[in-house]
Amino acid sequence: MRLEGDTAVIGITDFAQRELGDIVYVEVETIGKELQAGAVFGTVEAVKTVSDLFLPLSGTISELNKALANAPELVNNDPYGAGWMIKMKISKASDIQTLMDASAYEQIVN
């Protein structure tokens, strides 16, 4: 997740995409919905599995990365850039304080 003002751009981590393998489909049917942190906002389908996608923050899903419809491999090739999945307007800024930063996450997965 990265912040752009009061909007969060959300996808999966490089570690997660490596664990999943080749991404073949991203499904998000929650555009326009207000969801709480921890809620499932969609699914990601890889060659071997389908996994739920969980929100790190509470807010309203405002946008889906339309490029993923024709190029789901962007999640594998550029998870922190062109492979983002959704944008959402954050409703509880205090949620941000509960998240790990990149270095804390790296320590857990490595």
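Structure data summary
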| read-out | value |
| --- | --- |
| Hey, I96 outside any loop (DSSP other than H, G, I, E, B) and modelled with pLDDT under 95 or not | yes |
| For I108: the one exception among (1) over 18 Å from T43 (Cα atoms); (2) open to solvent by less than 40 Å² (accessible area, probe 1.4 Å); (3) not small (G, A, S) | (2) |
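The values are calculated or read from the model by the stated rules, or taken from the named source; none is laboratory data. Given the structure is predicted, the values throughout are model-derived calculations rather than measurements. All accessible areas refer to the heavy atoms of the entire protein, side chains included, with ligands and DNA or RNA removed. Shrake-Rupley method; radii C 1.70, N 1.55, O 1.52, S 1.80 Å.
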